[in-house]
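The next block holds one structure in the form of structure tokens; read it before the comments.
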């Protein structure tokens, strides 16, 4: 990212910064000289992170205007608040906690920014104790998981506004702002509604000098027989979409929505962000359906989870594992991990690449990053 206020023209795409959610370590992996033989060149131990930031359980990484930003779910004891800490982009030294004034922010998950508006957005999942052993039913039904967005002054590192989606809309996860820095809007997914098990997509946007959010997509749960469902869902006799990831194409035209529970990957035309239109869909895996793939015989489990879109918008990749304790609750037979690729029509529509199916077996593949840049890690200072 090249910015007038923090220009780094010498910086290259070379290192992978890999946080361990369970261990709280951060691994720095060098992809040069041969990206097929990367090497670990530094390990940042949890004790150093805790001492310098007070945080633990790192999750999301973004390269920012003045360093490498990492989110953390909470503190070493497993409680909150969660937040963001920063690494030096050359030495990978831990610089410290990012927030100067966090206001009422306590839970934390994802973060992104609107560089043209000097604004950061953050979302909420739960503290480490709330998430690392799976969904806690009493907390979920009590509306205790995250359901708020937080607006920050990016350069003063101060909390400015809280937007509450409502306690019904539990677990506000992935933030996908418009890539065009002149556009002041973005999308966030809420995993489950306590009212009807639906998932929803919300649009945040700037209005009269403040920020607001509106629900623009609702994805309903699908009826199912009790014997088809894992124990956690049997009382409801339905399989929820459990939208666990979304991704916005670099041209800001298509939003991709991963329904991990029902096994559907949806594509929406969001040319008008206030009125998304379903443009394409594929089915693979799913708690009930177990839909297959052209390259594989038989049923598959897991479902569309972490999504990545190429810069040109023609290639869509996704994996099928969320997080081991959560996998075990919703797919108790065990997940055989895979990654697939879709071909995306520039005018809308999706189909599987029948030649691309990566079988990871018992290894749980999760995040995807593309070597030359991608839709979920690129941000821009100029349109």
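Please treat every number below as a calculation from the coordinates, not as lab data. Note that the structure is predicted; figures quoted are calculated from it, not measured. Reconstructed Cβ throughout: ideal geometry from the backbone, glycine too, with neighbour counts over all protein chains shown.
How high is the relative contact order of the range 180-361? Use alpha-carbon pairs under 8 Å, at least six apart in sequence, and give a whole percent.
Contact order relative to length: 14 percent.
Based on the Cα coordinates of the range 180-361, what is the per residue volume of their convex hull in Å³?
122
Which of rounded, prolate or oblate describes the chain when judged by the alpha-carbon gyration tensor and an a/c cut-off of 1.5?
Since a/c stays below 1.5, the shape of the chain is classed as rounded.
If I build a Gaussian network model for the chain, linking alpha-carbon pairs within less than 10 angstrom, which residue out of 320, 345, 208 has the largest mean-square fluctuation?
208
Could the peptides 168-177, 268-277, 197-206, 239-248 be put in order, highest first, of the mean number of other beta-carbon atoms found within 10 Å of their residues?
239-248, 168-177, 197-206, 268-277
Spin-label point model (7 Å from Cα, Cβ direction): what's the residue 90 to residue 104 distance in nm?
In this crude spin-label approximation the distance works out to 4.3 nm.
If packing is taken as the average count of other Cβ atoms within 10 Å, what order do 29-37, 349-357 fall into, highest mean first?
Final packing ranking: 349-357, 29-37.
Rounded to the nearest Å, what's the spacing between the alpha carbon centres of the range 228-243 and the range 303-318? Just the number, please.
Comparing the Cα centres of the range 228-243 and the range 303-318, I get a distance of 26 Å.
If each residue of separation counts as 0.36 nm, what is the full-extension length gain between residue 272 and residue 212 once their alpha-carbon separation is subtracted?
Result for the pair: 19.9 nm of gain on full extension.
Per 0.36 nm of contour for each residue apart, how much would the distance between residue 232 and residue 161 grow if the chain were fully extended, relative to their Cα-Cα spacing?
Gain on stretching residue 232 to residue 161: 22.0 nm.
For the chain, what does the relative contact order come out to in percent, with C-alpha contacts under 8 Å and a separation of six or more?
10
Classify the range 2-96 from the C-alpha gyration tensor, please: rounded if a/c falls under 1.5, else prolate or oblate depending on whether a/b exceeds b/c.
oblate
Ranking request for peptides 187-194, 156-163, 21-28: highest mean number of other beta-carbon atoms within 10 Å first, then the rest in descending order.
Result, highest mean Cβ count within 10 Å first: 187-194, 21-28, 156-163.
Over the range 95-236, what is the relative contact order in whole percent, taking alpha-carbon pairs under 8 Å and six or more residues apart?
Taking the mean separation of contacting Cα pairs over the length of the range 95-236, I get 18 percent.
Quick one: grab the alpha carbon gyration tensor of the range 192-254, order the square roots of its eigenvalues as a ≥ b ≥ c, and give me rounded if a/c is under 1.5, else prolate or oblate depending on whether a/b is larger than b/c.
prolate
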